[in-house]
Amino acid sequence: MKLFKYRRFAGYTGIALAGTMALAACGSDQAVDPEDGGGAASAGSAECVDGGGTLSGAGASSQENAMATWKAAYEGACEGTTVQYDSVGSGAGRSQFIDGAVSFAGSDAALDENETEQAVERCDGAEVVNLPAYISPIAVVFNLDGVDTLNLSPETIAGIFNQEITTWNDDAIAEDNPDADLPDTDIVPVNRSDESGTTENFVAYLSEAAGDAWPHEVSGDWPIEPVEAAQGSSGVVSAVEGGQGTIGYVDASHVGELGTAAVGVGDDFVEYSPESAAAIVDASPQREGNSDNDHAIELDYTTDDSSAYPIVLVSYEIACMVYGDQNEADLVKSYLSYVVSEEGQQAVAEEAGSAPLSDQTRESLQGTIDAISAES
């Protein structure tokens with residue numbers, strides 16, 4: 001693979017990114033726009049592909065803000081290289097990858113056994129890997145006049161989204177929020193209308209942490225007839241913002257000015273943060289059956305560690321270990337190396353509030369990325 005080290009220009013401090021984290025009135029969740037000016041992020045450490053090219057990816061809308069940050073910095077460092085990422089949702093992204101329409105997928109859930117078999121065929125028999133490159137809390141967001149934050153137990157969250165707790169002054173909410181002025185307002189739960197890894201992670205949390213209060217199977221598709229549903233993270237945010245008494249779940253980078261819930265963990269209530277998200281990820285084991293190059297993990301949603309926020313989204317980059325085209329392999333290898341790099345992780349942490357990968361995890365992922373190659 002022919003790569004060259006990016007040479008810093010004198011006085012170069014980074015690539016300009018958009019300066020606002022506010023969500024647009026139309027509901028867009030793109031916090032950074034590589035065409036505009038604003039805060040700075042650098043990809044000075046990127047190993048660029050000689051001659052450049054176009055790299056295509058698709059998938060999780062939770063990664064949209066992160067991808068905009070990575071894309072702007074990487075394209076600025078690597079002349080002649082374009083990264084295209086379509087935030088169509090995790091399920092659609094995995095499908096496009098399996099169909100060979102994109103070189104990599106972003107997904108809030110690792111490939112399951114059936115998808116892995118199909119992806120191996122797409123990779124011409126080579127191994128397919130799940131690389132956890134983006135770690136973020138899933139925030140429970142709401143829009144309720146006069147209330148900015150609430151304590152919600154797992155059972156209460158499950159009751160709300162299972163449409164059994166239907167008003168904001170319900171005893172289950174009031175007992176954990178004695179100082180809140182809770183109105184007799186109908187609760188309007190908003191879920192994703194598309195197949196979503198964010199939904200799958202959120203439902204997995206409810207299934208394990210809420211017990212009998214959440215009797216539904218874990219899936220990326222919402223399991224019951226919704227009160228209100230919306231496409232993508234941006235759609236959920238738009239619906240919650242546009243209503244009153246609304247509540248939803250989104251990757252924390254999309255929260256904006258919405259109210260948020262502290263989630264019950266043991267005898268405490270824990271607010272989301274990059275640090276609390278990282279705490280539960282570091283304590284969770286690798287998925288059973290992983291190969292040496294696969295890095296899917298099993299989150300421990302039932303922890304009683306009050307330093308850990310339990311509703312966490314671990315979003316993966318899914319890639320082949322061997323590609324049929326040398327330039328495609330080089331571009332995937334180069335871009336994903338920047339994504340998991342200390343520089344790339346810090347840039348996204350500053351823009352989106354995500355949890356940077358630990359040194360141990362980053363080194364492990366880089367070892368796998370270094371092994372990506374093309375058919376000889």
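The values are calculated or read from the model by the stated rules, or taken from the named source; none is laboratory data. Treat the numbers as computed from the prediction; the structure is a model and nothing was measured. Note: ideal-geometry Cβ built from the backbone for every residue, glycine included; neighbour counts use all protein chains shown. When the accessible area is computed, the model is the full protein with side chains, heavy atoms only, and any ligands, DNA or RNA have been set aside. Shrake-Rupley method; radii C 1.70, N 1.55, O 1.52, S 1.80 Å.
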Checklist (1) touching a strand residue (DSSP E or B) at 6+ places or on another chain (Cβ under 8 Å); (2) within 24 Å of Ala133 (Cα to Cα) applied to Ile247, failing item: (2)
Tabulated pairs, segment 177-204, first in contact (Cβ under 8 Å) with a residue 24 or more places away in the chain and among the small types (Gly, Ala, Ser), second open to solvent by 20 Å² or more (accessible area, probe 1.4 Å) and outside any loop (DSSP other than H, G, I, E, B), C-beta under 6 angstrom, 6+ apart or interchain: Ser193/Ala229
Residue in segment 263-306 that is nearest to Gln346 (Cα to Cα), counting only those that are buried (at least 19 other Cβ atoms within 10 Å of the Cβ) and of a type in the set (Gly, Ala, Ser): Ala278
Failed item, numbered, when Ser233 is tested on (1) within 25 Å of Glu298 (Cβ to Cβ); (2) of a type outside the set (A, V, I, L, M); (3) not in a helix (DSSP H, G or I): (3)
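For segment 272-288, name all the residues that are of a type outside the set (Gly, Ala, Ser), under 25 Å from Glu113 (Cβ atoms) and not in a helix (DSSP H, G or I).
Across segment 272-288, the qualifying residues are Pro285, Gln286, Arg287, Glu288.
Out of the helices (runs of 4 or more DSSP H) lying entirely within segment 76-193, which hold 2 or more residues that are of a type outside the set (A, V, I, L, M, F, W, C) and surrounded by 24 or more Cβ atoms within 10 Å (Cβ to Cβ)? Before you say what the answer is, go through the steps one by one.
Working: elements: 90-98, 113-122, 154-161, 171-174.
The qualifying helices (runs of 4 or more DSSP H) are 90-98.
Examine segment 330-341 for a residue that is of a type in the set (A, V, I, L, M) and either within 17 Å of Gly100 (Cβ to Cβ) or surrounded by fewer than 20 Cβ atoms within 10 Å (Cβ to Cβ) (or both), and state whether such a residue exists. Show your work before the answer.
Just the residues of segment 330-341 that are of a type in the set (A, V, I, L, M), to begin with: 331-332, 336, 339-340.
Add one more test, that the residue is either within 17 Å of Gly100 (Cβ to Cβ) or surrounded by fewer than 20 Cβ atoms within 10 Å (Cβ to Cβ) (or both), and what stays is 331-332.
Checked segment 330-341: at least one residue is of a type in the set (A, V, I, L, M) and either within 17 Å of Gly100 (Cβ to Cβ) or surrounded by fewer than 20 Cβ atoms within 10 Å (Cβ to Cβ) (or both).
Of all residues in segment 153-212, how many are of a type in the set (S, T, N, Q) and either touching a His at 6+ places or on another chain (Cβ under 9 Å) or farther than 22 Å from Thr303 by Cβ (or both)? So that I can check it myself, show each step before the final result.
Step one: filter segment 153-212 for residues of a type in the set (S, T, N, Q), giving 153, 156, 162-163, 166-167, 169, 177, 185, 191, 193, 196, 198-199, 201, 207.
Those left that are additionally either touching a His at 6+ places or on another chain (Cβ under 9 Å) or farther than 22 Å from Thr303 by Cβ (or both): 162-163, 166-167, 169, 177, 185, 191, 193, 196, 207.
Looking only at that region, the number is 11.
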Residue under evaluation Ala230, criteria (1) within 22 Å of Tyr272 (Cα to Cα); (2) open to solvent by less than 20 Å² (accessible area, probe 1.4 Å), criterion not met: (1)
